[in-house]
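What follows is a single structure, written as structure tokens, with notes after it.
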Amino acid sequence: MKNTTQAVVLWGNRAPAHSITAMMITEDQKTIVTGSLEGQICLWHLSMEMKITSKAILFGHTAAVTCLAKARDFEKQPYVVSGAENGEMCVWNVNTGHCIQNVKLPYRHTAICYYHCSFRMTGEGWLLCCGHYQDVLIVDAKTLQVLHSFKSQSSDWISCMCIVHSTRIQEDSLVAISAAGDLKVWDLSSSVNSIQEKQIVYETESQNLEMANYCSVRFCTYTERLLLVICSTSWKVYDYCDFSLLCTDVCKDSQRFAGGEFLAANRLIIWTQDGHSYIYQLLNSGLSKSLCPGEGGLLKETITPHLLCSTSVMEKSFSCTMAFMNQRKEPFYKILYSGNSSGRLHFWHVPDVPVSQFDGSPVEIPVKVTITLQEMFDRHKSMSEGIIDHLCTPSEGVKLATVTASLYIPSLDKLVCGCEDGNIVITFALHAARARLLRDHPLLRGSLPHKIFGGHDCSVTSLLYPHARSEKFDPSWLISGDQNSSIIWRDVFTGEIFHKFILQAGAILKLLVPPTDYKVKLFQSIYCVCSDNSVALLNLQERLCFFHARKHLFPVKTLRWHPVEEALVVGCEDDSVYVWEIETGTLERHETGDMAKAILMACEDFTIETTDSIVNTSHETQRNTRTTFKSSNSYKLGNLSHNLIHSEKSSNKIVDSSYSLNPFTFLPVRSKYNISLHLLLFDLEQVLELLQSSQASGLKSANSFHSYDALKTAKSSSEKRPLTLKRNKTAGSLYQMDGPTSDIVVKEIITRPLEEIGGIKRHKKFKSTKKNKTQMSGKIDVNMVMDAAKLLLSCLLPWGIDKELDNFCVKHLDILKLQGSVTFGLISDVDHLCLMLPGWNQVSNDTVGNFSHNLLSKKVIELSTKYSLVAQKQKNKNDQLENHISAMLGLETLLHFLKKLLCVSKTLRMDGSKCTQSGSSFEKIESLRGKWKSSEHFTSSFPPFTTDVLHGKLSK
Amino acid sequence: MATAAAASSAERGVLEEEFKWLLKEEVHSVLKQLQDILKEASRRFTIPTGTADGATKQENFVLGSSSTDQVKGVLTLQGDTLCQAEVNLKVSRTSQVLHFAFREDKQWKMQQIQDARNHVNQAIYLLTNRGENYNFQTGSEVLKLMDAVMLQLTRARNRLTTPATMTLPEVATSGLTKMFSPAPPSDVLLNFYVNVNKLCLLVYQLHALQPNSTKNFRPSGSSVLHNPGAMFELNNQRFEVSHVHKVECIVPWLNDALVFFTVSLQLCQQLKDKISIFSSYWNFRPY
């Protein structure tokens, strides 16, 4: 899929909820990866001084992340695999945030181990997986397809496993413990061949350990002898050679063990579910062969665990995931880390030789560093501000409340924000974005057109602009629901309240529009899903609640309707189905199990859209431009927006067309997991198309100036001269033909004060009926597209490297400086997305000085020096040009910039396998170049592009 | 707005007290209740978990059907394993009675039962981790715990209510035929599965299709039950299902377990509802 959409993220001041369920540190100790209950994966940067900054958040899973593991030889490719509760698996590049591969299998994994045996295996290696299914699955690390499985004589779920690699035994084996407590051993290296030939491989050893609920098994790589087995109430050390019990210890009351690891020979660390850990020394190395578990008395005397150190956390937490990173090489630390369900990370630096105090009592190791996402957000205020915080000047003194619901109306370019205090703020989306991103600008501050409508007395929970979904609704209607079960139907322009419905059914969770082929009687009606699991049908025309289905015991998952019987089919979360007769409002049937499935299947085509995904919308906009209709029913990103936001997918084609006129989309994202962010999506290809077409139709004069300019520079290239001259002539003649009139038009468009545009646009919209709107849209678009393009370029340009260049951009191109760093989004495919988090820019500060806040990498500095040279020349040229010409040139340069961006993004997509493009394309190229052996192919392709950009500039 | 705020300040205090009570007392009593129900459910699976009292008891079931008397059988179920099975198949063509039984040394694991049992044990494990002395700080903690428990319970229930769909070659290679002695004839396929509270046995009688047969060969897809006429290919030999016999027996404790699952799911949802009611009164951030 070609994807030229650029995404910029506007975070709110609240960090997304991130209840950590899985955690790992990459082998280079630079990246921390955390998976969450909400389904997102967070990437953090760990500096050499053990400072942690958040880098990016990866969207893609629609259910809780259950496990994380490396997916390749990390030095070659920084890939990490993640498994989710619903069987999704993703391989991510943790340096760039790309989703490399994803798949959905019917298996829920609890642990994944990467295994590669270079001399026996072809391909990228195996992912050995265990979880809520029988035995161990072997998944290909590259394709994520199930290759085979390790079978067992008495199959059961495997609760934990580890790979035993020992030079002494000369055989890699997999040690696993089943749910029933059987320890099983499979040969790994010697069974590679038989696995590849799809033969059944059974375990070589099996032994019952007499306990249940095992959570971890570890092999001591120092002695290559000891096996540590941890279950929730005790831990045991076995001799790996004969499986004799050497040592055991039970946990204190009210604590449960969660895992452990060997620190060194005879020294181990055990941690508990509530985030405590204990370091033990196994005294008197109990390895002497004479001892066996039968002679219990003797055993106890010789091998006793002695507590050396302990760590603890202050706050009591629901549950923790902890792990230990043991690196023997010098620059690396021994790190004990944990993440808990409130999203807090804790790090401990474990000393190389932990010792107890002189009197033998254990030492408490202090927490080295601790952080949450919210702290990162608070620290980087400029990247995490509310979207409408800028609407009021400080002098007004009115602080707007937190946004609890927001909605973007593409056809009006309006952003509607529902606030915590019940107010609804309506503003222009692009302006809000500009005000939020760009540095103080006299034209922008304080004078943004916005309206505040009251009406609700508690926080607004849902918003609906019904016209976007079906044209039978008036384009001026806006419907909002609040926490107190009231629904207000009002005019979006004037704020006049037509009617207020009061339902007494808890908070209004969703407002939905029924499908267009609904019967006439229910002409203008909307559905609302309430927090008491009820569904109400409101008739707007007659201003009454038509019927209210209140019987549901579980939250409503799907809404469908039966076309023949006029029935509403409600699917609940417990997989039961309720069929309501719309006419009478009676419950016709209640079914569970197979029958419920069959009913839902029967009404498959008559779904009332309840789900939505971010990228789906971008996909949608793309689809419109290409007019190819793909039947992608992937609402996978759902978790983020799962069931809660209404579908952006318009059921109506006429509305779609107004969509396609919008190369810029403003996407509010909100979900039950309290993520509130806004995505700015720029469709580069479309921006370019629109600008060019406007240039071709109304702005011929711009062409003429361009060629006029080209004539001057053409001197150097004598061969091209005649050609350019010729073009100049034709352009010149055109200029004479329609020059004077169009010149005025263009000038007006370009120089029109910014805040006026909004006013005029609104004015126009007011008057416009449906018919002339489409005619006018062309002209309106030029302004909008220009502004959008400029905003995008503002985000991408390397500010602060060259003062003159900055000035040039601000003065002549009208591209304004940024207020702070921008967080970009990176779209891997339809439902995999990487969003940078506040604080990402500090990551590079290790290497690059702190003199610019929009530095992507060193490469940018190199580029910018070249670039500034070009700009210098251009500037000289500009001096000679008159004022209005420079305005023309502005548009030209803008176009040129965009063209190059598009070009780079496309090439990147082609070359870098699944590499997509974001604002930080240069960074990506660099990182790729470092990693790939075939980098020559990259480096060769890269300079032409940059030089192309530069030459392109030169030619002006 | 102002009046609403003033009126609610006193109300808020009361509500806050109530919410504290909910977290401190009510949640634990519900959790205790849940644990009891689920332990009862888990006991139905009669699995010796850890300290429980040793061997699982064996139960005999007679397979039958109202529509056909061509297949008869007796099964012995021990927890999640079929340890004995005797099947009598009357071939209508020859009116010859085929008899086959499990080999003495072999046992057949009913994966559905095993999975359901493991899911329940997971749910119990989640609950026991938050014992009496655990203090819930926020409502979201409870909601998360309930979500996790409900996920396990839903899976346990679905595992029993929705048998796996299999293709005929998968049935043929499942290894079930190897369990019997004497081995059933090559034109007979067998499949055991659980459907809600019933343990079912499917017997397919096949006839081989001639390689040059004019019949339009179309392999059938995945299904729980394949109807006569379904075709498949195995080891370059094409087969068609000529007869299907389904016999079943009701396992009472599976029914009990399913009832327990449903009751505990409702309890969980009720607790969730109780917690989320308070979100309407002030912004307590459920997540």
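The values are calculated or read from the model by the stated rules, or taken from the named source; none is laboratory data. None of these values were measured; they are calculated from a predicted model. Here Cβ is always computed from backbone atoms with ideal geometry, including for glycine, and neighbour counts include all displayed protein chains.
Listed conditions (1) modelled with pLDDT of 90 or more; (2) within 14 Å of chain A (Cβ to nearest Cβ) are all met by residue B:284, apart from (1).
Need a quick list: strands (runs of 3 or more DSSP E) entirely within region A:5-44 having at least 1 residues that are away from chain B (no Cβ under 14 Å) and at pLDDT 90 or above. Full working, then the answer.
On the way: elements: A:5-11, A:20-25, A:31-36.
Because the criterion is at least 1 residues that are away from chain B (no Cβ under 14 Å) and at pLDDT 90 or above, the strands (runs of 3 or more DSSP E) in region A:5-44 that meet it are A:20-25, A:31-36.
Out of the residues in region A:164-178 that are out of contact with any His (no Cβ under 9 Å at 6 or more places or on another chain) and part of a strand (DSSP E or B), state the one that is farthest from residue B:121 (Cα to Cα). Going through the qualifying residues, I end up with A:164. Checked against the criterion of being modelled with pLDDT under 85, under 23 Å from residue B:176 (Cβ atoms) and charged (D, E, K, R), the candidates B:53, B:69 yield just one match: B:69. For region A:794-805, a residue qualifies if it is surrounded by fewer than 19 Cβ atoms within 10 Å (Cβ to Cβ) and modelled with pLDDT of 70 or more, and the qualifying residues are A:803, A:804. Within region A:198-212, restricting attention to residues that are assigned to a loop (DSSP other than H, G, I, E, B), touching a strand residue (DSSP E or B) at 6+ places or on another chain (Cβ under 7 Å) and more than 25 Å from residue B:117 (Cβ to Cβ), the residue that is farthest from the other protein chains (Cβ to nearest Cβ) is A:204.
For region A:108-131, the criterion of being out of contact with any Gly (no Cβ under 8 Å at 6 or more places or on another chain), within 26 Å of residue A:257 (Cα to Cα), surrounded by 19 or more Cβ atoms within 10 Å (Cβ to Cβ) and within 14 Å of chain B (Cβ to nearest Cβ) is met by at least one residue. Scan (1) within 29 Å of the chain's Cα centre (by Cα); (2) outside any loop (DSSP other than H, G, I, E, B); (3) within 14 Å of chain A (Cβ to nearest Cβ) for the single condition residue B:277 breaks and write down its number. Every listed condition holds for residue B:277 apart from (1). If you go through region A:545-573 and keep only what is modelled with pLDDT of 85 or more and not in a strand (DSSP E or B), you end up with A:550, A:551, A:552, A:553, A:554, A:555, A:573.
Okay, residues lined up against (1) touching a helix residue (DSSP H, G or I) at 6+ places or on another chain (Cβ under 9 Å); (2) modelled with pLDDT of 85 or more; (3) not charged (D, E, K, R):
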site: A:389; (1), (2), (3): yes, no, no
site: A:416; (1), (2), (3): no, yes, yes
site: A:435; (1), (2), (3): no, no, yes
site: A:450; (1), (2), (3): yes, no, yes
site: A:453; (1), (2), (3): no, yes, yes
site: A:486; (1), (2), (3): no, yes, yes
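Only one entry of B:142, B:149 meets the criterion of being within 12 Å of chain A (Cβ to nearest Cβ) and either out of contact with any strand residue (DSSP E or B) (no Cβ under 9 Å at 6 or more places or on another chain) or farther than 19 Å from residue B:227 by Cα (or both), and that entry is B:142.
For region B:201-251, the set of residues classified as over 22 Å from the mean Cα position of the chain (by Cα), farther than 17 Å from residue B:177 by Cβ and small (Gly, Ala, Ser) consists of B:213, B:220, B:221, B:229, B:230, B:242, listed by residue number.
Cβ-Cβ contacts under 6 Å between residues 6 or more apart (or on different chains), taken from a first residue in region A:418-436 that is farther than 13 Å from residue A:8 by Cα and of a type in the set (Lys, Arg) to a second residue that is outside any strand (DSSP E or B) and at pLDDT 80 or above, are absent. Say we look at region A:147-165 and pick out the residues that are more than 14 Å from every other protein chain (Cβ to nearest Cβ) and among the aliphatic types (A, V, I, L, M); which of these is nearest to residue A:208 (Cα to Cα)? For region A:147-165, the residue satisfying everything is A:161.
Among the residues of region B:164-186, which ones are within 26 Å of residue A:592 (Cβ to Cβ), more than 10 Å from chain A (Cβ to nearest Cβ) and not β-branched (Val, Ile, Thr)? I'd like the intermediate steps shown before the answer.
Let us first name the residues in region B:164-186 that are within 26 Å of residue A:592 (Cβ to Cβ), namely B:164-166.
Keeping just the survivors that are more than 10 Å from chain A (Cβ to nearest Cβ) gives B:165-166.
Answer for region B:164-186, where residues must be within 26 Å of residue A:592 (Cβ to Cβ), more than 10 Å from chain A (Cβ to nearest Cβ) and not β-branched (Val, Ile, Thr): just B:166.
Can you pull out every residue in region B:111-134 that is facing chain A (nearest Cβ under 7 Å) and more than 24 Å from the chain's Cα centre (by Cα)? Of everything in region B:111-134, those that are facing chain A (nearest Cβ under 7 Å) and more than 24 Å from the chain's Cα centre (by Cα) turn out to be B:129, B:133. Only one of the listed residues (A:161, A:121) is assigned to a loop (DSSP other than H, G, I, E, B), in contact (Cβ under 8 Å) with a residue 24 or more places away in the chain and aliphatic (A, V, I, L, M). That residue is A:121.
For (1) more than 14 Å from chain B (Cβ to nearest Cβ); (2) touching a Gly at 6+ places or on another chain (Cβ under 9 Å), each residue gets a yes or a no:
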{"residue": "A:196", "(1), (2)": "yes, no"}
{"residue": "A:214", "(1), (2)": "no, yes"}
{"residue": "A:223", "(1), (2)": "yes, no"}
{"residue": "A:232", "(1), (2)": "no, no"}
{"residue": "A:236", "(1), (2)": "yes, no"}
{"residue": "A:260", "(1), (2)": "yes, no"}
{"residue": "A:263", "(1), (2)": "yes, no"}
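Suppose we keep only residues that are within 14 Å of chain B (Cβ to nearest Cβ) and loosely packed, with under 15 Cβ neighbours inside 10 Å within region A:315-345. Which one would you say is modelled with the highest pLDDT? Across region A:315-345, the extreme among qualifying residues is A:315.
Annotation: residue B:170 fulfils all but one of (1) more than 22 Å from the chain's Cα centre (by Cα); (2) surrounded by fewer than 19 Cβ atoms within 10 Å (Cβ to Cβ); (3) over 19 Å from residue B:21 (Cα atoms); (4) not hydroxyl-bearing (Ser, Thr, Tyr); the unmet one is (1). Scanning region A:235-275 for residues that are over 39 Å from the mean Cα position of the chain (by Cα), of a type in the set (Ser, Thr, Tyr) and part of a strand (DSSP E or B) returns A:238, A:248.
Being more than 14 Å from chain A (Cβ to nearest Cβ), surrounded by fewer than 19 Cβ atoms within 10 Å (Cβ to Cβ), free of Cβ contacts under 8 Å to residues at least 12 places away in the same chain and among the hydroxyl-bearing types (Ser, Thr, Tyr) is true for just one of B:76, B:94. Which residue is that?
B:94
Pairs needed: first member in region A:457-483, under 14 Å from residue A:498 (Cβ atoms) and more than 14 Å from chain B (Cβ to nearest Cβ); second member anywhere, assigned to a strand (DSSP E or B) and aromatic (Phe, Trp, Tyr); C-beta distance under 6 Å; at least 6 residues apart or different chains. From region A:457-483, the pairs are A:466/A:477; A:479/A:489.
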